[in-house]
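For reference, the structure discussed in these notes is given below.
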Amino acid sequence: MKFKYNHIIVTLLLSVYLFSSCEDFVEVAAPENKMVRDVVFENEGTAKSAMTGIYNELFRAEFSNGQRNSITILSGFSGDNISNIYDTNIERIQFEQNEIIPDNSGNLSIWSSAYNIIYMTNSLLEGLENSGGISEQVKTQLEGEARFIRAFSYFNLVNLYSDIPLLLTTDYEENQLLSRTPMSEVYEEIINDLLLAEELLGGEFPENERTRVNSYTASALLARVYLYLEDWDNAETFSSKVIEATSNYEILNDPEEVFLANSKEAIWQISPLGGGGLSTHTNEGNLLIVDPVLSFLAGIELEEELAAIFDQEDKRLANWIGYDSGLEVFFAHKYKIRNSNDYPIEEYSMVMRLAEQYLIRAEARAHLGDLPEALQDIDVIRERAGISLISEISPEIGQQALLDIIMLERRKELFTEWGHRWFDLKRTGRAGEVLGSQNPLWEATDIWYPIPSEERMRNPNLSQNEGY
């Protein structure tokens, strides 16, 4: 009972303190919250609950919740993996046509919800720094987790918007007129946070749940960051750290088991408990699965061209792609549960998993000219999928051909997961070639989303991306 009472009190306090930024970060009211901060960080129990509150908010925050305005869905539309079944929602059609206007509310939701998470992590970090009632061990753990989540949020923002404001404090006077920080400097801060998080965190799973991050989660995101920066050596180094942690992670033979709660392939997941416990299904499952009885509720389909790139014997086609004969549409079926209020929870939303680390290392090694090792890594993914191994059918493959196969496997493996296809097309310079051929309105400036008009009205120092 004592824990439950503390949890209720902390939730109320966090609603005043950590959530005070609400819809935007640039117009945070003058904080009258010293007493609130003192209460939240006066002991380890309430400080841990504050961190739990941030994890829970990730299930509710628009950019990360897997719902209609999440990065998974909106950036999925921006790429060429999913599309709208109906053309009634103009704002989502804008993402699909790469014609987003600055007033688009979905775009604003991504921006503001990510910055709200950043504001919360900054609040927690400041509270930890000024607290005298928490042991160094707990401080170290919570700081590492907060720094990781801040870096993760910035990583997604900088890859959607390019230069963005770098918010590292809760000082409302400083924040409300911040201008955009160059992308390179944002990446520097992301790397600094992740390196420190990796150092501060242990390799175990806090509370034995993969919904909490550990040092390998930081290593995995560092591998992705370095891949995007084309630092192939570091991309290989950090992905290897995760791949070699075989007591924690493994590629599961059965694709049906990958997206289960605490799957051994999971590096980081988000629990539906963040929604308050009234339902226990993932938002992705609820949104993407086409129910055969309630098919009229469906709004998203997989592109037929995506389904067509899979070999017929590919287990991913059989296990991760569904087909509704009534609507005549393919749909993502990585999650199997559309609605549930049952316990124990069977599925968590996947954020990061081991298969991506093999794909990262394969790409890095291919760029480094280590083709035999790159072949081994890509074949780990193909072997699980039940398709022919490149090392057997094309052992003398050249560098560019191998890189093309790696990008194809990334598309097949990571569809409807966190905008990977959209980010891959942009970072490899292929967005215009691929999307321009499908979209007559495509312009080179469409690779960046617009800075939301509402934010620019509040902050005159926010410049707009070119083309908007």
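Residue pairs whose Cβ atoms lie under 9 Å apart, separated by 6 or more positions or on different chains, with the first residue in the range 242-256 and within 14 Å of ILE381 (Cα to Cα) and of a type in the set (D, E, K, R) and the second surrounded by 20 or more Cβ atoms within 10 Å (Cβ to Cβ) and at pLDDT 95 or above, are GLU250/GLU265; GLU250/LEU354; ASP254/ARG384.
Every condition in (1) surrounded by 14 or more Cβ atoms within 10 Å (Cβ to Cβ); (2) touching a residue at least 12 places away in the same chain (Cβ under 8 Å); (3) aliphatic (A, V, I, L, M) holds for LEU317 except the one numbered (2).
As for the range 408-424, it holds at least one residue that is under 18 Å from LEU229 (Cα atoms), modelled with pLDDT of 95 or more and small (Gly, Ala, Ser). In the set LEU306, LEU317, LEU273, LEU278, only one residue is part of a helix (DSSP H, G or I), assigned by TED's automatic domain parsing to the domain that holds ASP377 and over 29 Å from SER388 (Cα atoms); that residue is LEU273. Kindly indicate which of GLU454, GLU409, GLU356, GLU373 is in contact with a helix residue (DSSP H, G or I) (Cβ under 7 Å, 6 or more places away or on another chain), more than 29 Å from GLU250 (Cα to Cα) and part of a helix (DSSP H, G or I). Just one listed residue meets the conditions, GLU454.
The residue that is nearest to SER109 (Cα to Cα), among those in the range 431-466 that are without any contact (Cβ under 8 Å) to a residue 24 or more places away in the chain, surrounded by 13 or more Cβ atoms within 10 Å (Cβ to Cβ) and within 24 Å of the chain's Cα centre (by Cα), is ILE447. Only a single criterion out of (1) touching a residue at least 12 places away in the same chain (Cβ under 8 Å); (2) surrounded by fewer than 19 Cβ atoms within 10 Å (Cβ to Cβ); (3) assigned to a helix (DSSP H, G or I) is not satisfied by VAL186, namely (2).
The set of residues in the range 119-140 being in a helix (DSSP H, G or I) and surrounded by fewer than 23 Cβ atoms within 10 Å (Cβ to Cβ) consists of ASN122, LEU125, GLU126, LEU128, GLU129, GLU136, GLN137, VAL138, LYS139, THR140. Taking the numbered list (1) polar (S, T, N, Q); (2) under 28 Å from ARG353 (Cα atoms); (3) modelled with pLDDT under 95 in turn, GLN438 passes all entries but (2). For the range 164-172, indicate whether the set of residues that are part of a helix (DSSP H, G or I) and in contact with a Ser or Thr (Cβ under 6 Å, 6 or more places away or on another chain) is non-empty. The answer is no; no qualifying residue exists. Take the residues in the range 255-312 that are buried (at least 18 other Cβ atoms within 10 Å of the Cβ) and of a type in the set (S, T, N, Q); name whichever of them is farthest from ARG92 (Cα to Cα). Ranking the candidates gives SER263 first.
Residue-wise test of (1) of a type in the set (D, E, K, R); (2) under 18 Å from the mean Cα position of the chain (by Cα); (3) under 18 Å from ASN69 (Cβ atoms).
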position	(1), (2), (3)
LEU108	no, yes, yes
THR121	no, yes, no
SER135	no, no, no
LEU166	no, no, no
THR181	no, no, no
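Every test in (1) in a helix (DSSP H, G or I); (2) of a type in the set (A, V, I, L, M); (3) over 19 Å from ALA307 (Cβ atoms) is passed by ILE397 save one, and that test is (1). Of the numbered criteria (1) buried (at least 23 other Cβ atoms within 10 Å of the Cβ); (2) modelled with pLDDT of 95 or more, the one ALA50 fails is (2). Is at least one residue of the range 279-288 over 28 Å from PRO206 (Cβ atoms), modelled with pLDDT of 95 or more and not charged (D, E, K, R)? So far as the range 279-288 goes, yes, one or more of its residues are over 28 Å from PRO206 (Cβ atoms), modelled with pLDDT of 95 or more and not charged (D, E, K, R).
The values are calculated or read from the model by the stated rules, or taken from the named source; none is laboratory data. The model shown is predicted, which means the values in this text are computed figures rather than measured ones. Here the Cβ is made from the backbone with ideal geometry for all residues, glycine too, and neighbour counts use every protein chain on show.
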